[in-house]
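The next block holds one structure in the form of structure tokens; read it before the comments.
The values are calculated or read from the model by the stated rules, or taken from the named source; none is laboratory data. None of these values were measured; they are calculated from a predicted model. Quick reminder, even Gly has a Cβ in these numbers, built from the backbone with ideal geometry, and neighbours come from all protein chains shown. Just the protein is used for accessible areas: all its heavy atoms, side chains included, with ligands, DNA and RNA removed. Shrake-Rupley method; radii C 1.70, N 1.55, O 1.52, S 1.80 Å.
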Amino acid sequence: MAANGQQSSRTQTRRRNRNKNVLHKIKNGHITGLGMTRGTQIPVALLEERDKRARWQGIPLLLKRLHESSHTHSDLTKTHNMVKELSSLLSMEAMSFVTEDRKTPQESVSPNTYTFDLFGGVDLFVEILMRPTLSAQRDVPIMSDDLIKDCLSVLYNCCICTEGVTKSLAARDDFVMFLFTLMSNKKTFLQTATLIEDIMGVKKEVIRLEDIPNLASLVQSFNQQQLANFCRILSVTISEPDVGVDDKHTLLARNSQQKVTVSPSRAESNQVALLNIPGFIERLCKLATRKVSEASGTAALLQELEDWHSWLDNALVLDALMQMAIEEAEQSSTESSDEGSLSSSPLRHTLPQSMKIVHEIMYKVEVLYVLCVLLMGRQRNQVHRMLAEFRLIPGLNNLFEKLIWRRQPSSHALHRQNQNCDCSPEISFKIQFLRLLQSFSDHHENKYLLLNSQELNELSAISLKANIPEVEALVNTDRNLVCDGKKGLLTRLISVMKKEPVDSSFRFWQARAVESFLRGATSYADQIFLLKRGLLEHILFCIIDSGCKSRDVLQSYFDLLGELMKFNIDAFKRFNKYVNTEEKFQTFLGQINSSLVDSNMLVRLVLLTQCRLLSYMAHVENRLSFLFRLISIINVQTLTQENVSCLNTSLVVLMLARWRAKLPFYLNALRQKEFVEKYPGYLLNNFHQLLRFWQHHYLNKDKDSTCLENSSCIPFTYWKETVTVLLSSDRSSLCAIASYIDDAYRDLDRDFLEV
């Protein structure tokens with residue numbers, strides 16, 4: 001008995017080893033491309049012997065049969081039957097993966113999908129799909145739409161359940177381009193778009209839209225629903241890669257990246273390709289501004305929407321459900337008794353009434369994102385002209401209260417800047433809307449389209465009363481393209497901004513959108529227009545009295561306050577009226593000092609306005625204190641788009657000192673500060689290196705220096721002259737940094753570009 005037991009044990013061990021050997025050979029073939037590269041190369045007898053023990057569910061045998069029977073002139077009905085059989089074995093694993101919200105694929109959780117891929121299923125299905133296009137013969141059987149859809153669904157299931165499948169498909173440029181051709185078929189559009197979107201998310205290089213066969217005619221063939229979903233794919237192709245672009249990446253890294261980047265980039269070329277498609281922007285504007293048909297009460301629909309948003313995170317999923325609902329209605333009218341009809345689907349009992357609203361909101365999120373990216377691209381002026389012509393802003397204004405900014409859900413996660421989060425459709429929609437307004441208004445004369453005719457007249461009246469000329473952009477604004485109704489879009493935004501809860505996730509984006517309206521050359525009329533609507537008092541309440549703790553929100557409010565008060569005595573009078581106690585004043589100063597990176601733009605404003613509002617800023621020693629801190633909290637290696645303003649604010653301090661012939665006094669004070677801190681050379685060496693980077697960054701021919709002029713009303717030539725004077729190597733110059741660093745501590749020649 002013992003001998004028999006040992007023999008049985010050895011037999012089982014050998015079988016397990018043979019199973020492992022088979023899998024090892026296939027895996028090795030995948031890596032090397034040699035030997036057994038596909039499971040279909042394994043003899044049938046061996047597959048049958050191993051199948052039950054390995055729990056392969058007959059998948060390798062099915063794949064072998066499919067491989068042997070599928071060829072150019074094969075019976076597509078038989079092919080489809082085998083595809084459906086394989087699909088049924090994989091679909092439940094994909095459904096489980098999605099509904100249980102798993103983050104990473106695991107072989108133990110999706111064994112069937114793993115087996116399918118291991119034995120060459122993914123490659124085989126790609127071959128089946130592409131075979132008609134690769135054959136030179138003309139009488140190739142045409143694949144049915146259902147067969148194509150099932151093949152695409154299987155591939156998508158593999159992408160989400162098996163690690164590496166999406167990347168391997170993304171590496172096949174021929175297959176990616178082929179998928180775009182399938183989008184011309186309305187019946188296969190959803191499955192194709194879903195798979196392409198997944199592939200685009202992992203593709204190392206941005207595809208070239210011009211390489212898509214008949215791109216213009218393809219896009220023009222889309223209905224509005226398909227065009228909106230196509231925007232999900234476009235968003236990847238027209239956006240620059242994250243590396244070196246995000247605010248958290250240093251300017252040094254960004255500048256180095258730009259040197260090696262081919263210009264124009266693929267993203268920029270793709271933007272041009274889209275703008276060259278006749279009617280493209282006009283259709284996006286119509287999608288962004290079309291109204292939603294609401295069949296029942298809004299409050300009930302919004303509650304249902306909140307219950308559904310957690311898993312309806314894809315407009316394509318919504319499309320599938322909507323399509324099923326439509327087909328269900330059609331089939332129920334014919335009283336179909338077909339067992340596979342949608343009338344028997346449980347979906348008909350759970351489809352919420354709010355589906356149309358969610359559907360439309362998801363569309364608009366994608367469309368607004370694409371428009372926002374185009375507004376920030378090199379073709380910005382062309383895009384602006386088109387958006388104005390097609391009345392995007394008036395259309396959004398008409399939707400503001402009915403769709404964009406209805407009553408907020410009772411709770412949602414705080415969405416900070418540069419933070420990825422899983423937002424509900426409505427939250428994503430609001431944030432994207434605010435980002436679009438920010439991009440639209442920023443340094444562009446079309447910003448006045450955010451007002452209505454009465455508000456434009458109000459601006460003219462403000463200028464007339466102040467006896468100052470109207471801003472040229474205001475005079476040139478086409479009154480036929482501005483907002484309709486009693487309020488313009490900017491006024492509506494300020495109204496909801498003032499009502500926003502303290503912990504709202506939208507405060508940051510609201511402040512950024514309003515600030516962008518003020519950015520550029522300072523306009524007294526624009527400032528007064530906003531002051532009359534109580535904006536300054538609202539900002540001060542949020543900074544001083546609301547208990548707001550978010551650094552992102554406070555930074556956006558400080559920046560907005562700076563633009564609102566810059567060179568404006570009326571704003572300072574309002575400030576004094578609100579900050580009317582020592583306690584409020586100290587609270588305000590405490591907020592400034594708690595994070596100088598966030599508040600330095602406001603500090604710069606006070607310096608430039610020459611106002612005694614901040615009493616201690618009138619004293620040189622207090623200005624020096626700010627200068628010390630501004631220089632010490634940054635260096636070349638840590639400069640970002642977010643904190644480079646600290647460098648420019650420190651320069652403003654020294655430009656004003658130079659104008660008053662006080663520059664040597666300030667430089668000597670920096671030297672004395674170093675010795676007090678027992679760290680001689682550290683401030684001045686650091687500042688010298690920062691100014692060298694400033695020259696490298698702002699004197700680049702691609703840099704637009706007008707932003708520095710507009711924010712300070714100091715000519716850029718004076719900025720350049722001051723930096724040149726400070727960086728002079730003449731040790732006899734009392735205005736040169738080098739004159740204030742002892743030889744033992746001098747470190748001025750280090751090449752920061754090599755760090």
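Things worth noting here:
- Approximate spin-label separation ASN467-LYS78, in nm, with each point projected 7 Å along Cα-to-Cβ: 9.7
- Cα pair distances exceeding 12 angstrom across the range 192-243, given as percent: 68
- Projected-area average for the range 421-471 over all orientations - Cα convex hull basis, square nanometres: 5.0
- The shape of the range 454-564 comes out prolate: with a ≥ b ≥ c from the C-alpha gyration tensor, a/c is at least 1.5 and a/b beats b/c.
- Cα gyration tensor category, rounded, prolate or oblate, for the range 638-684 with a/c compared to 1.5: oblate
- Largest first, the residues GLU163, GLU537 sort by 1.4 Å accessible area into GLU163, GLU537.
- With 18 Å as the limit on Cα-Cα distance, the pairs of LYS566/LYS720; LYS549/LYS584; LYS84/LYS186; LYS78/LYS149 that go past it are LYS566/LYS720; LYS84/LYS186.
- Shown here is the pair-distance distribution of the range 451-501: with all Cα-Cα distances grouped in 5 Å bins from zero up to the longest one, the shares run 4, 20, 23, 20, 17, 11, 4, 1 percent.
- Sites ASP570 and ARG378, calculated FRET efficiency, Cβ-Cβ separation with R0 56 Å, nearest 0.05: 0.90
- Chain lengthening between LEU218 and GLU677 when straightened (0.36 nm per residue, less Cα-Cα): 158.5 nm
- Label point 7 Å beyond Cα of CYS707 along Cβ direction - residues of the range 631-665 with amide nitrogen under 15 Å: 639-649
- Phi angles of the range 658-666 translate, via the Karplus equation with coefficients 6.51, -1.76, 1.60 and θ = phi - 60°, into HN-Hα couplings of 4, 4, 8, 6, 10, 4, x, 4, 5 Hz per residue; Gly and Pro are given as x.
- For the residue pairs LYS64/LYS204; LYS286/LYS430; LYS286/LYS498; LYS465/LYS498, the C-alpha atoms sit more than 25 angstrom apart in LYS64/LYS204; LYS286/LYS498; LYS465/LYS498.
- Per-residue Karplus couplings for the range 519-524, computed as 6.51 cos²θ - 1.76 cosθ + 1.60 with θ equal to phi - 60°, are listed in order as 5, x, 4, 5, 10, 4 Hz, Gly and Pro entered as x.
- J(HN,Hα) series, the range 110-115, from Karplus relation 6.51 cos²θ - 1.76 cosθ + 1.60, nearest Hz, glycine and proline x: 10, x, 5, 5, 4, 4
- Relative to the globular-protein estimate of 2.2 N^0.38 Å, the Cα radius of gyration of the range 534-653 stands at 1.01.
- Rounded FRET efficiency, nearest 0.05, which uses the C-beta distance separating SER546 from LYS720 and R0 of 45 Å: 0.65
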